[in-house]
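My questions all concern the structure below.
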Amino acid sequence: MKKVFISRDLKSDSIFKSQLESKGFEVVSCSLVSFSALNFQVIPEVDWIFFYSKNAVAFFLKGLKKQRIPVPSAKLATLGEGTGAYLKEQGLEPEFVGSGKPEHTAHIFLEKAKGQSVLFPRAENSRQSIQQLLKSKINALDLIVYKNEPKSNFEIESCEVLVFTSPMNARTYFNKYEILDYQQVIAIGQTTEQALRNLGIEEIKVAQNPSEEALAQLILSLKSD
């Protein structure tokens with residue numbers, strides 16, 4: 001039985017977990033990053049609100065509720081489909097949903113938001129990829145809504161497949177463990193792939209899109225290689 005580690009706390013109905021376990025894999029799931037809300041009060045009037053992740057949505061809405069601030073009437077945008085779907089679960093409709101790939105998403109989003117004001121609710125340690133790519137072409141406003149910090153106390157059993165869902169998770173894991181000869185490394189997207197390469201990991205496979213289903217299908221394809 002192959003063991004798969006994924007750097008995410010999976011829900012009981014996780015597609016990733018169910019698809020792999022049905023094929024005989026053992027799934028070890030654990031986020032190596034801790035999250036905590038940060039207070040904010042002022043929400044500027046903007047044309048767009050752009051979310052990088054589900055966490056950004058969750059902590060933004062939590063902060064609004066805490067301050068009794070209504071959801072702004074600005075158009076909503078997300079980096080990828082997973083965050084777009086999460087917005088819909090909260091009863092909000094995104095006007096723009098990116099591909100999950102920063103460069104491609106920035107290029108397409110610019111067609112809609114060039115010269116406009118865009119608020120970015122984000123983590124304290126965010127890479128700010130879209131802001132950096134479009135900084136001279138939009139009026140980007142920053143709103144830090146949560147803190148993300150690497151965990152220091154964790155133990156991960158040895159697994160044949162390692163799946164990393166963010167750069168910080170990758171850095172946290174390899175600050176403690178070395179890559180072993182028999183391990184295969186998978187990145188959820190390009191930014192995580194680059195973080196792994198910066199850590200000296202050479203053999204990396206990247207999911208076609210940043211979803212649990214795409215990650216599971218990639219692992220199942222490895223089994224048949």
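The values are calculated or read from the model by the stated rules, or taken from the named source; none is laboratory data. These numbers come from a predicted model, not from an experiment. For neighbour counting, all protein chains shown are included, and Cβ atoms are generated from backbone atoms with ideal geometry for every residue, glycine included. The area values use the complete protein model at the heavy-atom level, side chains included, leaving out ligands, DNA and RNA. Shrake-Rupley method; radii C 1.70, N 1.55, O 1.52, S 1.80 Å.
If you fit an axis through the alpha-carbon atoms of helix 102-113 and take the longest principal axis of the Cα set of the chain, what angle between them do you get, 0 to 90°, nearest 10?
Around 20 degrees separate the two axes.
Further question: Using a Gaussian network for the chain with springs between C-alpha atoms less than 10 Å apart, which of these wobbles most: Asn39, Asn153, Asn139?
Asn153
In degrees, nearest 10, range 0 to 90: what is the angle between the Cα axis of helix 212-223 and the longest Cα principal axis of the chain?
With rounding to tens, the tilt is 20 degrees.
Pairs to check: Lys75/Lys101; Lys135/Lys176; Lys147/Lys205; Lys2/Lys151. Give those whose C-alpha atoms are more than 31 Å from each other in this structure.
Lys135/Lys176
Any idea how far the Cα center of the range 102-117 sits from the one of the range 32-79, in Å?
19 Å
Relative contact order for the range 89-199: what percent, with Cα pairs under 8 Å and sequence separation of 6 or more?
This gives 21 percent for the range 89-199.
Whenever you get a sec, compute what percent of the accessible area on the range 137-225 sits on carbon and sulfur atoms (1.4 Å probe).
Carbon plus sulfur share of accessible area: 42 percent.
Could you derive backbone 3J(HN,Hα) for the range 160-171 from the dihedral phi with the Karplus parameters 6.51, -1.76 and 1.60 (θ = phi - 60°), listing whole Hz in sequence and x where the residue is Gly or Pro?
6, 10, 10, 10, 10, 10, 6, x, 5, 4, 4, 4
Based on a Kirkwood Rh over C-alpha pairs, give the Stokes-Einstein translational diffusion coefficient of the range 81-225 at 4 °C and viscosity 1.567 mPa s in µm²/s.
Estimated via Stokes-Einstein, D reaches 76 µm²/s.
Which trypsin sites (Lys or Arg not before Pro) in the range 101-155 sit in a loop by DSSP (not H, G, I, E or B) and have at most 16 other Cβ atoms within 10 Å of their own Cβ?
Filter output for the range 101-155: Lys114, Lys135, Lys137, Lys151.
What is the range 163-225's relative contact order, in percent, from Cα pairs under 8 angstrom and six or more apart in sequence?
31 percent
Identify the chymotrypsin sites (Phe, Trp or Tyr not before Pro) of the range 14-102 meeting these criteria: DSSP loop state and at most 12 other C-beta atoms within 10 Å of the C-beta.
Here no chymotrypsin sites (Phe, Trp or Tyr not before Pro) fit, given the DSSP loop and packing criteria.
Going through the range 15-107, which trypsin sites (Lys or Arg not before Pro) have at most 12 other Cβ atoms within 10 Å and a DSSP loop state?
Hits after loop and neighbour filter: Lys23, Arg68.
Additional query: Cα axis of helix 54-67 to longest principal axis of the chain: angle in degrees, 0 to 90, nearest 10?
Compared with the principal axis, the helix lies near 40 degrees.
Here's another thing I want to ask about it. What does the range 119-159 give for Rg and for Dmax, in Å, if only its C-alpha atoms count?
In order Rg, Dmax, the Cα atoms of the range 119-159 give 15.3, 46 Å.
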